[in-house]
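One structure is given here, and the rest of the page talks about it.
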Amino acid sequence: MASEKPRRPVAETNFQNTTKRAKTMATSTATATESAMKEPFTNYVEYLNNLNDKRERVVKASRDITMNSKKVIFQVHRMSKYNKVEVLEKAEKDLAAVTNQYVSRLVKELQGTDFWKLRRAYSPGIQEYVEAATFCSFCKNGTLLKLDEMNDTLLPLSDTSLQPLQINILDYLLGLADLTGELMRLAIGRISDGELEFAEKICSFARDIYRELTLVVPHMDDNSDMKSKMDVMLQSVMKIENACFSVRVRGSEYIPLLGSNDSSSFLVGVQDIEL
């Protein structure tokens, strides 16, 4: 008879089966854990990719707002005492086009999102937009366009069911700081055209803005952009004051030459002030 194979002890067989089951369960648990961890990270990747794509679109919209807001500012600078109404009407239409075409695109991109995450992507365009809007308002009405008034114009662009995009206080103040540079250029142009009263009104307006901002800035968080703009703002105000002072003190000698290109007129020097 063929020799029988030696039988393994029952205890040893049960131990091997238990080990196999443990390995199988461990493998199943590891697979389930890996799958459970992979899913949220896949969602994170998708979220970040979508956010980066949105940021690129927001940057593009901000650039379009900046470029077209500058065109509005250039249009206002074409103003003279002879064509003020026509120039400002054209500037207001251009500003409305910027709002409806480019700012509305930005509003749609940021609706329903935490727009503070993307603020640095669109802040430059909003600052330029604030500068253009306040510049037009001052030239037309002689007053400062307030933040609430600007935000009211943006409400119709937003979906009422979502949180609307509103210009924040910081971007508004940064835009106001840039406004004084345009006011300085406008004042020099008005002096060369003989509009001394308008230039002095500009001087007073720019001085008031600078004075009020000097009271606000110390209470703001550390912001290097605002600090550097305050320095430039002070230089602009001083240039307006110096030009108005020169005309007020010496203007009585050269009243007939206001607006003249005569090389003997000191007003030619006023026009050459570095802008």
Considering every residue within the range 98-108, establish whether at least one is farther than 17 Å from Asn168 by Cα and hydroxyl-bearing (Ser, Thr, Tyr). yes
Within the range 87-100, can one find any residue that is within 16 Å of the chain's Cα centre (by Cα), in a loop (DSSP other than H, G, I, E, B) and buried (at least 16 other Cβ atoms within 10 Å of the Cβ)? no
What is the number of the single condition among (1) at pLDDT 65 or above; (2) of a type outside the set (S, T, N, Q); (3) farther than 30 Å from Phe198 by Cα that Lys71 does not meet? (3)
Select, from Leu144, Leu155, Leu162, Leu179, the only residue that is under 20 Å from Ala96 (Cβ atoms) and not in a helix (DSSP H, G or I). Leu144
Conditions first: (1) in contact (Cβ under 8 Å) with a residue 60 or more places away in the chain; (2) of a type in the set (Val, Ile, Thr); (3) closer than 21 Å to Ser158 by Cα. Ile73 passes all but one, so which condition is the exception? (3)
Please name all residue pairs, on different chains or six or more residues apart, with Cβ atoms under 6 Å, provided the first residue is in the range 188-215 and is modelled with pLDDT under 95 and the second residue is surrounded by fewer than 16 Cβ atoms within 10 Å (Cβ to Cβ) and basic (Lys, Arg). Glu195/Lys81
Within the range 184-194, which residues are under 14 Å from Met238 (Cβ atoms), buried (at least 23 other Cβ atoms within 10 Å of the Cβ) and not small (Gly, Ala, Ser)? Met184
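The values are calculated or read from the model by the stated rules, or taken from the named source; none is laboratory data. The model shown is predicted, which means the values in this text are computed figures rather than measured ones. Heads up, the Cβs are rebuilt from the backbone with ideal geometry, glycines too, and the neighbour counts pull from every protein chain shown.
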